[in-house]
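Data block below; observations after.
The values are calculated or read from the model by the stated rules, or taken from the named source; none is laboratory data. Quick caveat, the model's predicted, so the values are computed rather than measured. Cβ coordinates were reconstructed from backbone atoms using ideal geometry, including for glycine residues, and neighbour counts include every protein chain displayed. To get the accessible areas, we keep the full protein, side chains included, count just its heavy atoms, and leave off ligands, DNA and RNA. Shrake-Rupley method; radii C 1.70, N 1.55, O 1.52, S 1.80 Å.
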Amino acid sequence: MKLSVLQLIGNFQQGGSEQQAVQLTRLLHESGRFNVHVAVLDASGPLREKVEHMGLTHEINAYPLGSFYDANAVRQVRRFADYLRR
């Protein structure tokens with residue numbers, strides 16, 4: 001049985017930490033030992049295409065935030081919590 005792993009990435013821009021997160025996602029997936037899930041706060045950016053072409057079995061879930069102090073933030077936190085429970 002494969003372990004499930006969630007890779008939570010801020011966005012798919014060309015930054016150093018984003019590149020490392022995408023590389024780690026690829027390595028975990030290619031190892032065959034993990035069921036890799038990917039979630040992001042901002043789904044835009046050129047690295048998204050790399051993740052989409054990895055052949056992950058789950059869709060990329062996005063939880064966009066404009067602020068931590070509005071109703072949307074509460075909705076996104078609830079959506080994320082529901083996702084984690086499933």
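Quick look at the numbers
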| item | result |
| --- | --- |
| Candidates per chymotrypsin sites (Phe, Trp or Tyr not before Pro) in the chain, loop by DSSP, up to 13 other Cβ within 10 Å | Phe68, Tyr69 |
| Candidates per trypsin sites (Lys or Arg not before Pro) in the stretch 22-59, loop by DSSP, up to 11 other Cβ within 10 Å | Arg33 |
| The chain: translational diffusion in µm²/s, Stokes-Einstein, Kirkwood Rh over Cα pairs, 20 °C, 1.002 mPa s | 158 µm²/s |
| Accessible solvent surface per residue of the stretch 1-63, calculated while the other protein chains remain in place, 1.4 angstrom probe, Å² | 60 Å² |
| Loop sites in the stretch 14-77: GluC sites (Glu not before Pro), DSSP, at most 15 other Cβ within 10 Å | Glu59 |
